[in-house]
Every structure is written in C-alpha cells, then in structure tokens.
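Chemist: The following block contains the structure, expressed as structure tokens.
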Amino acid sequence: MAVSTSTPIELVNRVYSTLDERVGIARRRLGRPVTLAEKILVNHLDDPEGSGLERGGSYVDLRPDRVAMQDATAQMAWLQFMTAGLDEVQVPTTTHCDHLISARLEATQDLLVAVDDNAEVYDFLESACARYGAGFWKPGSGIIHQVVLEQYAFPGGMMIGTDSHTPNAGGLGMVAIGVGGADAVDVMTGNPWNVKWPKLIGIHLTGELSGWSAPKDIILKVADILTVKGGTGAIVEYFGSGARSLSATGKATICNMGAEIGATTSLFAYDDSIGRYLKATGREALADAANAVAEHLRADDEVEADPEACFDQVIHIDLSELSPHINGPHTPDLSRPVADLGAEATANGWPLEVSAGLIGSCTNSSYEDITRAAGIARDALAKGLTAKAPLLITPGSEQVRATIERDGLLDDFKALGATVLANACGPCIGQWDRQDLPDGVPNSIVTSYNRNFPKRNDGYSTTHAFVTSPETVIALTLAGRLDFDPTNDTLTNDAGEQVRLTVGVGEELPTDGFDPGQPTFVAPPDDGSSVEVSVSPDSDRLQVLSPFPAWDCEDFTGLAVLVKAQGKCTTDHISMAGPWLRYRGHLENISGNLYMGAVNAFTDEVGTGLDLTDGETRTFPEIARRYHEAGIPWVAVGDENMGEGSSREHAAMEPRFRGALAVMARSFARIHETNLKKQGVLALTFTDAADYDLIGEHDRISITGLAELAPGSPVNVVISHHDGTNTHIATNHTMSVDQIEWFRAGSALNLIRHQARHPGETGSA
C-alpha cells in the first residue's frame, strides 16, 4: 500500500463517493435531520442498513480510513501486530517519533541526545514500518497530532490514533478517536473496529472572541461545565456562528483538549477556514473535493435550528461574553476566569509566584497561536518589560518551527530570554528534565498544554500546573505571578512606570506560506518482506510478547485485592510516564510502575499496600510481581472514572501481565475500559456505587456465572470478608457479543490470531 506524506486524493474521493447515499440512509433510519458526527459514522459503518444506532447502547463495526501512532504507544502496537501473522498493514498507517525526546537544554542538543539514547527503539520502529508498509516520521518531525493536522486529516474522514489527543484532527472536521494499541491492531489487520455507538453532545457557539479571549478558553469553559467524565461515551460537536468564526487551528485546539472531558472525540463542521488551511498546507485538491460535498460535511441545517431535538445534551456559549480562563491545579476541569485565580490561589495556599511558563505543544503551537504570543513579547520588550520566570517554547512540528523561525517569531521570544525546545512532547508528558528547580519545592507553572495531573510535566509532585492560552501564559510569565489579570492590571517596567500589556493580533496563516523545513518522513519500500525487525532478547527496552492465557471456563474464586484506589486513579497513576517511557516496549520492565501513583483507600498512602502473602507493606508493583510469581490471581478496585486520561495501553496490559483477572470500579473512563476488555480483563462497575465501600483490605473476591456472560446481563460478585462472612453484590459490564469472545480467547489479539489461522471460523476456538 502506497504511503506518503499526505492523504492521497484517491482515498478522500472514495470516502466522499458514498457520502450522499449514506447520509440518506442515516436520515431515513433515524427519521430526522442528522448531525455531522452521525453522517461520518454512518459513512464508515460496515453495515449501514443493519447496524444498530442506539446511542450508548448499540455496538457497531466501523472502518477507519487510517491509523496514526506515536513512538511510545507504537512500540507495543507493533509488537502486537507482529504476532498477528500478516505481511502488511491493511490501512494507511504512520508512526511518529515525538514522545521519547526529553526537554532539558534546547532543541538541537536535546534532539541529539534523544536520537542516541533511543536508537534501539527508533531502529525498531523504523524497521517495523518498513517491514509492514507504514510511514515513519523521524525524531524532530513534530508532535503526532500537529503532523496529522498538517498532512493527513481531512473533513469527513475517520481515523484512530494511539494517543488520547488524536481528536485534534476534529479541527478539520474529522472523526479522530484516541484508542489503545490493541484497537489500532484491529484496524491495521483489516478487521472492523468494534465500538459502542456514541451519544452526542452539542456545543452551540454564538458571538465572537475578542481581546485576550482565545479558542483555549472555550474548551476550558466546556471542561468546567462537563467535568472530566462529562463527555464519556459521547462525541462533542461544535456548531453555530461562533464556531464558524474560529480558524481551523483554533478549532483543533478545542478538539485536542476534548480528551480532558473524556469525550470519544470532538469535531467542527467543514467551512471556509478549514478550506483555507487545507490550501495553505498544500492540499488544494482535497479542499476542492470537500467543497464539492460541503453540504454533507456539516450538520443538516435543521440541527442548528433545533439542536435539542438531535443531541443528548446541548450547551450554549456566547463567545462575546467569554473571558480568559485558566484551569488547575491537578485536574483539567477546575477552571475559572484568569481574573479570579489570584484570590483562589491565596485561599488554597497555592504558590502565587510563577516559576515557569511553557508555550506550544500539540494543542497550542499553530502559526496563529505563535503570532499572538510573539506579538505580546514584542509589545513587552518595547515597554521595557522582561520575563520574571523561564519561558519555554515548544513548536508543534518541523513545519511550524521552520516557518516561525523564518518569520522572526522565535527571535521575538528569544529576546525575552526564552528557550526553544525540540518539536516534541517532552515538557507536556513528564519528559521535562527540569534544571531551574529541584524536586520537592512547591511551585506553580503556567502552560498552554492540555493536561495537568500531578507529576505530569516535570515529574515533581509539588508542581502546581495551570493550563491556559498561550497569550495568558506569556502575560503571567511576564508578571511572574498568578494574581495578574492581563485584561485589567498593569506591570512595572524597567523605568518604574506602570504599563499595560497589549494583546497580540494573530495571523491565521503565514503570508509567505509554510516552510516545510527539513525532510523527516521515511516511506516504506514497495516490498518490505526482506526487512528484518529484530528484538534483542537481552534488551531492557523491547520484549517480544507472549500470548495471554485463554479463559479456563471456570469462575474466578478467591481473588486477592491488590489495590483499592481512592479518588483519582488516572492512567498516569496506574502507569506513569516520565522516566518510564523508556520501557514502553518492554512489558515486564514497565510493570515496575504498576499502580505506583494510586492512593490506597485503606491507608491514604500513595503506591503502597498490604502483601497478603506475609502481611508486609510493599509497593503495589512489588506486590503484583510477588502475586504473579506465586500464581495468585487478583483484582483491582477503583473509584469514579477509573483510568481517566490518556490512551495508555500499559495501564491495562500491566495488570493483565501481573495476574489481574478483573478490575471493578464505580465508573470507568472510556479508553481504559476498552483497553482492559481488549486484554481479556473483566471490567466491572458496581451496580450500587456504595458497594465500593464494602470491600476490605483482607477480603477475597469471587466472580461467578462467567459461563453465562451476555451483553447487558449483570455479573455476580461475592466478597468474602476477613471475618468469614460473605456479601453478594451485583456488577455490570459493557461487553458486546464480540467483546465477550475477547474475554474467552484471553485477549482480542488472541482472537485475531486464531481467526487469521482459521479463516471463516467464528469465535475463539
């Protein structure tokens, strides 16, 4: 399959060729006007006439147009794909090297260090891409989501990516969904992607942003309204005159951070701004094709006129009244106007001094973002102001970096003393090797990133991270304090004068076009069958996978409780990033971080619990290893929204590898629940959320009636208490018929492998 630096127009035309017919099917079957999300979904159904379309109920088979993977997640995805027995990926697939580059000094030096330190992994990924017909974007290319936006995303398309911020592509009107590696392997092997038909949340935008308000403020406001789990199982669709007033990259910023509300994806309708961006990035033919079917690349007109009739929930936001917002610390849904942060920080004892400001990343590194922030930098210098804290700039891609360097925008930042980092994810994902401040010092940082859990950026638990627009980041960095409101407050310049910052005027697109920069794409050979993908048996970073055992057809009895997590237990808590990213291709080694960040509900301690084999207190990963080696199966118990956050597949693979048979929680985040199911782990929710409180530290758990597992049927759980009594509770699961087969086979990959070896056979045996 031909793979290039752009989506071939032939693929786009194929998708568009069925739009008219499929949209007609959707209107007829639903009996009403249809949203954009519904149009795209129905157009990608395996069976548009026969598939169930019950929101939040029906499982359907979809056919995404492409797969994109970042280097941390791609390792395990490729290791899984290699066991499937295929010679070539069945859909266009790319791997992007962005996560393994640490931010320490500056772009050039950090990139050289990364290439050297990660040579084994990069060689593995490049050889896997060459062997199986995928595109490879070398280190320095840029962050996966920005590269996809520039090269591959197209209106009305569907893609999956092994990163939770894949919905960035929704800024170009694409249904782009973050998944785990096992989901990606499904699609790469030519199988349909099985997923629950999503609910729909409509965000009606009116008015227009002005002054210091930016697209980032829209998603910060939405997160404040919906909370971190308010979008779970739903597609968020933005519409209205306010949506049409935003640039394509502004739309992408909003969609990117939809991951922080748990949404399946977010998207905007195709409009002139998207067409302009496509043309500016060398995709004129694609823009022309989209213009020809534009009526199908937006919701029906009646939807905007009466959205409550078409969405499960509608939120109305007047952009003209939206003030600059900022969220944090420690959760992406704790948001307020910037003007209110100072008082709240003082009341809560959060450090008021800003220790660092960070601009860029996958969500806020567009040309428009950078021009707005650089304009403020120029204004500040002209008024005799200097930054009161380190300022770090992360371009989103090589194309963005080359363009903003050519246009002098990097010089504007450097004049303030800013450091330009590599085109990579480092400071956003725990790969910031911070030099200005030691661990253990309480401090506050401001970023234009998307996520702010503890240890998310620098690995420091004492860092309070606040997320806001690039404009506000630079304003607060110039002030050096959280209690500065750029819309009203003044700063004292070098001459002792009171001066007011002027917000920058952004340029949507570069007047002189984009500079592509250095070539960083490697296409696979026409025939990769002779390429060797080698994994050293002595490697501490890569490990060939062994299949997980199939279900033995017996009920689960006497499971130990490894951990009962209290409060937030995100994928960062279950399998943290930072230094652990180096082991993403080695399941045994990375399992050394299992539940390391979980808060023990019995002790309030982080990362430690009771080892039932000898009564000693140990770290959760150590206990899990000991249980695994002793053949003791176990269960993990979680609170609300278990697995919130990233697509991190290891948060499901590590428990499975170490002997977990089930995870029970009050509720799950979508991707984590799916990842557990993919690996053959029972993901159960308490029918009565209060039953969480019934499970004690010494209790044993039995799960019965597994032979009768069926969609929609509750699962019986017996809690055998330390005092000899038993409590029976009901739990629920969300497995479809197909997903129950994953459980029986021991994993979805086991089933794929079996079906590849036995074509035409259904089931796991």
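The values are calculated or read from the model by the stated rules, or taken from the named source; none is laboratory data. Computed from a prediction, not measured in an experiment: that's the story for all the values here. Please note: Cβ atoms are built from the backbone with ideal geometry, for glycine as well, and neighbour counts cover all protein chains shown.
Chemist: Return yes when Arg283 is modelled with pLDDT of 95 or more, surrounded by fewer than 23 Cβ atoms within 10 Å (Cβ to Cβ) and under 27 Å from the mean Cα position of the chain (by Cα) and no when it is not.
Modeler: Working: modelled with pLDDT of 95 or more: yes; surrounded by fewer than 23 Cβ atoms within 10 Å (Cβ to Cβ): no; under 27 Å from the mean Cα position of the chain (by Cα): yes.
Here the answer is no, as Arg283 does not meet what is asked.
Chemist: Return the residue satisfying two criteria in turn: it lies in the range 1-56 and is aliphatic (A, V, I, L, M) and assigned to a loop (DSSP other than H, G, I, E, B), and of such residues it is farthest from Leu278 (Cα to Cα).
Modeler: So the residue we want is Leu53.
Chemist: Look through the range 309-355, keep the residues that are among the small types (Gly, Ala, Ser) and under 23 Å from the mean Cα position of the chain (by Cα), and return whichever of them is surrounded by the most Cβ atoms within 10 Å (Cβ to Cβ).
Modeler: Residue satisfying both the conditions and the ranking: Gly328.
Chemist: Within the range 276-296, track down each residue that is in contact with a helix residue (DSSP H, G or I) (Cβ under 6 Å, 6 or more places away or on another chain) and either under 23 Å from Leu205 (Cβ atoms) or in a helix (DSSP H, G or I) (or both). Give the steps one after another, and end with the answer.
Modeler: Restricting attention to the range 276-296, the residues satisfying the condition of being in contact with a helix residue (DSSP H, G or I) (Cβ under 6 Å, 6 or more places away or on another chain) are 277-279, 281, 285-287, 289, 293, 296.
Result: Tyr277, Leu278, Lys279, Ala285, Leu286, Ala287, Ala289, His296.
Chemist: Another question, if that's okay. Can you tell me which residues in the range 122-157 are of a type in the set (Val, Ile, Thr) and out of contact with any Asp or Glu (no Cβ under 7 Å at 6 or more places or on another chain)?
Modeler: Val147, Val148
Chemist: OK, next. Is it the case that Pro324 is in contact with a Phe, Trp or Tyr (Cβ under 9 Å, 6 or more places away or on another chain) and modelled with pLDDT under 95? Reasoning before the result, please.
Modeler: Working: in contact with a Phe, Trp or Tyr (Cβ under 9 Å, 6 or more places away or on another chain): yes; modelled with pLDDT under 95: no.
In short, no.
Each row is one residue, and each column tells you yes or no for (1) surrounded by fewer than 24 Cβ atoms within 10 Å (Cβ to Cβ); (2) touching a residue at least 60 places away in the same chain (Cβ under 8 Å); (3) more than 21 Å from Thr249 (Cβ to Cβ); (4) among the hydroxyl-bearing types (Ser, Thr, Tyr).
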{"site": "Ile359", "(1), (2), (3), (4)": "no, yes, no, no"}
{"site": "Ser366", "(1), (2), (3), (4)": "no, yes, no, yes"}
{"site": "Gly375", "(1), (2), (3), (4)": "yes, yes, no, no"}
{"site": "Asp379", "(1), (2), (3), (4)": "yes, yes, yes, no"}
{"site": "Ala387", "(1), (2), (3), (4)": "yes, yes, yes, no"}
{"site": "Thr403", "(1), (2), (3), (4)": "yes, yes, no, yes"}
{"site": "Asn423", "(1), (2), (3), (4)": "no, yes, no, no"}
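Chemist: With respect to Asp46, is the statement that it is acidic (Asp, Glu), farther than 27 Å from Glu654 by Cα and touching a strand residue (DSSP E or B) at 6+ places or on another chain (Cβ under 6 Å) true? Show your work before the answer.
Modeler: Numbers: acidic (Asp, Glu): yes; farther than 27 Å from Glu654 by Cα: yes; touching a strand residue (DSSP E or B) at 6+ places or on another chain (Cβ under 6 Å): yes.
Yes.
Chemist: Report, by residue number, each residue of the range 681-708 that is assigned to a loop (DSSP other than H, G, I, E, B) and in contact with a Lys or Arg (Cβ under 8 Å, 6 or more places away or on another chain).
Modeler: Val681, Ile695, Glu697
Chemist: Can you give me the number of residues within the range 387-410 that are outside any helix (DSSP H, G or I) and acidic (Asp, Glu)?
Modeler: Matching residues across the range 387-410 total 1.
Chemist: Can you go through Ala343, Ala377, Ala402 and tell me which one is among the hydrophobic types (A, V, I, L, M, F, W, C), in contact with a helix residue (DSSP H, G or I) (Cβ under 9 Å, 6 or more places away or on another chain) and modelled with pLDDT of 95 or more?
Modeler: When all the criteria are applied, what remains is Ala377.
Chemist: Could you run through the range 633-664 and say how many residues are touching a strand residue (DSSP E or B) at 6+ places or on another chain (Cβ under 7 Å) and in a helix (DSSP H, G or I)?
Modeler: Matching residues across the range 633-664 total 1.
Chemist: Ok, one more. Can you find, within the range 471-493, the residue that is nearest to Ser210 (Cα to Cα) among those that are buried (at least 17 other Cβ atoms within 10 Å of the Cβ) and either β-branched (Val, Ile, Thr) or not assigned by TED's automatic domain parsing to the domain that holds Lys414 (or both)?
Modeler: Thr487
Chemist: Regarding the range 427-441, can at least one residue be identified that is part of a helix (DSSP H, G or I) and closer than 18 Å to Asn457 by Cβ?
Modeler: yes
Chemist: Any idea how many residues of the range 613-657 are in contact with a Leu (Cβ under 6 Å, 6 or more places away or on another chain) and of a type in the set (D, E, K, R)?
Modeler: Selection size over the range 613-657: 1.
Chemist: Scan the range 16-46 for residues that are more than 16 Å from Asp301 (Cα to Cα), touching a residue at least 60 places away in the same chain (Cβ under 8 Å) and among the acidic types (Asp, Glu) and report the count.
Modeler: 1
Chemist: Go over the candidates Arg55, Arg63, Arg104 one by one and state the one that is among the charged types (D, E, K, R) and in contact with a helix residue (DSSP H, G or I) (Cβ under 6 Å, 6 or more places away or on another chain).
Modeler: Working: Arg55 fails: in contact with a helix residue (DSSP H, G or I) (Cβ under 6 Å, 6 or more places away or on another chain); Arg63 fails: in contact with a helix residue (DSSP H, G or I) (Cβ under 6 Å, 6 or more places away or on another chain).
After ruling out the rest, the residue left standing is Arg104.
Chemist: Considering only residues that are farther than 10 Å from Asp555 by Cβ and either surrounded by fewer than 18 Cβ atoms within 10 Å (Cβ to Cβ) or hydrophobic (A, V, I, L, M, F, W, C) (or both), which ones fall in the range 698-718?
Modeler: His698, Ile701, Glu708, Leu709, Ala710, Pro711, Gly712, Ser713, Pro714, Val715, Val717
Chemist: Still on this model: In the range 217-260, how many residues are within 16 Å of the chain's Cα centre (by Cα), in a strand (DSSP E or B) and either under 23 Å from Gln146 (Cα atoms) or of a type in the set (A, V, I, L, M) (or both)?
Modeler: Qualifying residue count for the region: 3.
Chemist: Same structure, new question: Yes or no: Ala134 within 20 Å of Ser530 (Cα to Cα) and outside the structural domain of Thr363 (by TED's automatic domain parsing)?
Modeler: Judged against the criteria, Ala134 is a match.
Chemist: Output the residues belonging to the range 544-559 that are modelled with pLDDT of 95 or more and either polar (S, T, N, Q) or in contact with an Asp or Glu (Cβ under 9 Å, 6 or more places away or on another chain) (or both).
Modeler: Listed by number, the list holds a single entry, Thr557.
Chemist: For the range 494-506, give me each residue that is surrounded by fewer than 17 Cβ atoms within 10 Å (Cβ to Cβ) and either within 21 Å of Ser366 (Cβ to Cβ) or of a type in the set (Lys, Arg) (or both).
Modeler: Arg500, Thr502, Val505
Chemist: So Glu237 clears everything in (1) buried (at least 24 other Cβ atoms within 10 Å of the Cβ); (2) charged (D, E, K, R); (3) modelled with pLDDT under 95 except one condition, right? Which one?
Modeler: If we test Glu237 against (1) buried (at least 24 other Cβ atoms within 10 Å of the Cβ); (2) charged (D, E, K, R); (3) modelled with pLDDT under 95, just (3) comes out false.
Chemist: Would you confirm, using the coordinates I've provided, whether Val535 is under 23 Å from Thr162 (Cβ atoms), touching a Cys at 6+ places or on another chain (Cβ under 8 Å) and not assigned by TED's automatic domain parsing to the domain that holds Ile590?
Modeler: Working: under 23 Å from Thr162 (Cβ atoms): yes; touching a Cys at 6+ places or on another chain (Cβ under 8 Å): no; not assigned by TED's automatic domain parsing to the domain that holds Ile590: yes.
So Val535 does not fit the description; no.
Chemist: Got a number for residues in the range 445-482 being outside any loop (DSSP other than H, G, I, E, B), among the aliphatic types (A, V, I, L, M) and touching a helix residue (DSSP H, G or I) at 6+ places or on another chain (Cβ under 6 Å)?
Modeler: 3
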